[in-house]
Amino acid sequence: MLTSSLKRLVISVMLASFQGLAQAQEKEPPMEHSTFYRTIPIDGLSIFYREAGPKDTPTLLLLHGLPSSSRMFEPLFARLADRYHLVAPDYPGFGHSDWPNPKKFAYTFDHYAEIMNHFTEALGLARYTLYMQDYGGPVGFRMALAHPDRIEALIVQDAVAHNEGLGANWKTRRAFWADRAANENALRTNLLSLATTRTRHVGNDPNVGCYDPDLWTDEFAFLKQPGQADIQSDLFYDYRTNVDAYPKWQAWMREKQPRLLVLWGKYDLSFDLGEPERYRKDVAKAEVHVLDAGHFALDTAPDEIAALVRKFLESKSSH
């Protein structure tokens, strides 16, 4: 049996520990700007998107590449949601959005841009900065040309708008556009294999140890899902329309001179390293940064990219 004095000691120790815990909880900052994972019906499809940050702040609309999804932007969500409203959707056929059968759905960049425009309207996004990576370029430029009044600024991360920007590994891909039937198998190997999926991330970066291998193994697992090869082949066959549209995008940039930030990974083997400077020929005041990173530059340079984006957006708001 505990003596009365011992009981008082035990109780006082317990009370002190509870008070200490309460004080510690008070000192810990509350979880702010959580990321929400939502779906919304658009044109008969369920479109998945990530959203974070105060809705009364400037909006960043983040458009992903191949074979990624809105997940690729998690590093920016963690670093920018304190001051900006971030919205990152998955295209149809990607991530957690619906994957309609390509026999019943047109996997084209025109169609994607139309759906993404309807997506922004459904969310009430009247003005936004477009952040475009890889496939995000052809989707985003179409959106910008269709509704230039909605665009506050453009951020390009490893996305091409000039024919010269497509590098040497596009030889097989151009042959596929010229004769799909004869080159379908070669294209699928070139575009969708595990080796290519890994190379998209690592490129020729000598610091391979900086890359989480889950990045490409997760994406390859996605590409191996039933129906994905057909979806991605259809969409990539339509990529030829982007090349045809490049002159229109360039003319639009030269005419509008939008506020433009270009971020580029110097180890990116998907595209030609001269592409960042080509943007400066279209937009004289473009801000261009070549980073110590690969095609998915957020893999290894998230802090640097977040700082550059924050500075770019803040300079815009002060104009």
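The values are calculated or read from the model by the stated rules, or taken from the named source; none is laboratory data. Keep in mind the model is a prediction, meaning the values are calculated, not measured. Every residue, glycine among them, receives a Cβ derived from its backbone with ideal geometry; neighbour counts consider all protein chains shown.
Restrict the check to region 237-255 and report whether at least one residue is β-branched (Val, Ile, Thr), at pLDDT 95 or above and under 21 Å from HIS295 (Cα atoms). Within region 237-255, one or more residues are β-branched (Val, Ile, Thr), at pLDDT 95 or above and under 21 Å from HIS295 (Cα atoms). Restricting attention to region 135-169 and to residues that are crowded, with 19+ Cβ neighbours inside 10 Å and charged (D, E, K, R), the residue that is farthest from the chain's Cα centre (by Cα) turns out to be ARG142. Of all residues in region 285-319, those that are closer than 12 Å to VAL262 by Cα, outside any helix (DSSP H, G or I) and of a type in the set (A, V, I, L, M) total 4. Checking LEU215, LEU261 one by one, the residue that is under 27 Å from MET143 (Cα atoms) and modelled with pLDDT of 95 or more is LEU261 and no other. Considering (1) farther than 28 Å from ALA301 by Cα; (2) out of contact with any helix residue (DSSP H, G or I) (no Cβ under 6 Å at 6 or more places or on another chain), the lone condition that PHE109 does not fulfil carries the number (2). Within region 65-94, the set of residues being more than 17 Å from ASP43 (Cβ to Cβ), assigned to a loop (DSSP other than H, G, I, E, B) and under 14 Å from the mean Cα position of the chain (by Cα) comprises GLY65, LEU66, PRO67, SER68, SER69.
So is ASP244 closer than 26 Å to PHE141 by Cβ, out of contact with any strand residue (DSSP E or B) (no Cβ under 8 Å at 6 or more places or on another chain) and of a type outside the set (A, V, I, L, M) or not? For ASP244, the condition - closer than 26 Å to PHE141 by Cβ, out of contact with any strand residue (DSSP E or B) (no Cβ under 8 Å at 6 or more places or on another chain) and of a type outside the set (A, V, I, L, M) - is met.
Looking only at residues of region 241-259 that are over 24 Å from HIS201 (Cα atoms) and aliphatic (A, V, I, L, M), we find that the one that is surrounded by the most Cβ atoms within 10 Å (Cβ to Cβ) is MET253. Restricting attention to region 224-239, does a residue exist that is of a type in the set (S, T, N, Q), touching a residue at least 40 places away in the same chain (Cβ under 8 Å), within 21 Å of PRO276 (Cβ to Cβ) and in a helix (DSSP H, G or I)? Checked against the condition, which is being of a type in the set (S, T, N, Q), touching a residue at least 40 places away in the same chain (Cβ under 8 Å), within 21 Å of PRO276 (Cβ to Cβ) and in a helix (DSSP H, G or I), region 224-239 yields no hits at all.
For every residue, the table says whether it meets (1) at pLDDT below 95; (2) among the aromatic types (Phe, Trp, Tyr); (3) over 30 Å from PRO100 (Cα atoms).
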site: PHE18; (1), (2), (3): yes, yes, yes
site: PHE48; (1), (2), (3): no, yes, no
site: GLY53; (1), (2), (3): no, no, yes
site: ASP56; (1), (2), (3): no, no, yes
site: LEU62; (1), (2), (3): no, no, no
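Could you identify the single residue in THR172, THR197 that is in a helix (DSSP H, G or I), modelled with pLDDT under 95 and either more than 24 Å from HIS111 (Cβ to Cβ) or of a type in the set (Lys, Arg) (or both)? THR172 is the lone residue from the list that is in a helix (DSSP H, G or I), modelled with pLDDT under 95 and either more than 24 Å from HIS111 (Cβ to Cβ) or of a type in the set (Lys, Arg) (or both).
Applying the condition of being in contact with a Ser or Thr (Cβ under 9 Å, 6 or more places away or on another chain) and assigned to a helix (DSSP H, G or I) to region 125-169 and asking which residue is farthest from SER270 (Cα to Cα) yields ARG150. Of all residues in region 37-64, which are assigned to a loop (DSSP other than H, G, I, E, B) and either surrounded by 22 or more Cβ atoms within 10 Å (Cβ to Cβ) or touching a strand residue (DSSP E or B) at 6+ places or on another chain (Cβ under 9 Å) (or both)? If the condition is that a residue be assigned to a loop (DSSP other than H, G, I, E, B) and either surrounded by 22 or more Cβ atoms within 10 Å (Cβ to Cβ) or touching a strand residue (DSSP E or B) at 6+ places or on another chain (Cβ under 9 Å) (or both), then GLY53, PRO54, LYS55, ASP56, THR57, PRO58, HIS64 are the ones that fit.
Close contacts from region 298-319, counting a first residue that is on the phi < 0 side of the Ramachandran plot and modelled with pLDDT of 95 or more and a second that is in a helix (DSSP H, G or I) and among the β-branched types (Val, Ile, Thr), with Cβ to Cβ under 9 Å and a gap of 6+ residues or different chains, come to LEU298/ILE305; ASP299/VAL202. For region 266-284, the set of residues classified as in a helix (DSSP H, G or I) and crowded, with 18+ Cβ neighbours inside 10 Å consists of GLU275, PRO276, ARG278, TYR279, ASP282, listed by residue number.
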